[in-house]
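*Asks:* Quick one: this structure, given as structure tokens, is what I'll be asking you about.
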Amino acid sequence: MAILEMLLERQKELEAQKAVIEKDLSDVAKAIAAINGPASAAVKLEGNQPSHPMPVDKAIVIAVREGSRTPVQILDYLRKRLGVHTTINSVRTRVSKLKNDGRIDHDETGWVPSVSQSTQLMLESA
């Protein structure tokens, strides 16, 4: 029973740390919003899950359209320009899925808008 008690105590400690971190994240988001407006608050917490200003897949397509070619460049664009926080592993997984869905392509320069997406954008702007 000593191990169970230790695990339960550790669980309580972690839950307390989690609450402090969530409060700190909320405070930082409020400070960013106060300085730059609400759109710049990168991550807003709803319950225990972060919510993004836009879907990550859509944000990746926008980043690629705006010239981000590598997963690192895409991640940087998502964070700095769109306020979307995710991980590099998520970006790498998603770009492959987006390529399979025909939403982006890959060539010798890196990730690029797909031909069908480029055509659609030209039609929309005409």
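The values are calculated or read from the model by the stated rules, or taken from the named source; none is laboratory data. The model shown is predicted, which means the values in this text are computed figures rather than measured ones. All Cβ positions, even for glycine, are placed from backbone atoms using ideal geometry, and neighbour counts span all protein chains on display.
*Asks:* When the residues of region 51-64 are narrowed to those that are touching a strand residue (DSSP E or B) at 6+ places or on another chain (Cβ under 7 Å) and surrounded by 15 or more Cβ atoms within 10 Å (Cβ to Cβ), which ends up nearest to Leu98 (Cα to Cα)?
*Replies:* Ranking the candidates gives Val61 first.
*Asks:* Can you confirm whether Ala42 is under 17 Å from the mean Cα position of the chain (by Cα) and either modelled with pLDDT under 75 or over 19 Å from Gly83 (Cα atoms) (or both)?
*Replies:* yes
*Asks:* For region 1-35, name all the residues that are among the small types (Gly, Ala, Ser) and closer than 28 Å to His85 by Cα.
*Replies:* Ala16, Ala19, Ser26, Ala29, Ala31, Ala33, Ala34
*Asks:* Gly102 versus (1) closer than 22 Å to Val115 by Cβ; (2) surrounded by 14 or more Cβ atoms within 10 Å (Cβ to Cβ): which is the lone unmet condition?
*Replies:* Gly102 satisfies all of (1) closer than 22 Å to Val115 by Cβ; (2) surrounded by 14 or more Cβ atoms within 10 Å (Cβ to Cβ) except (2).
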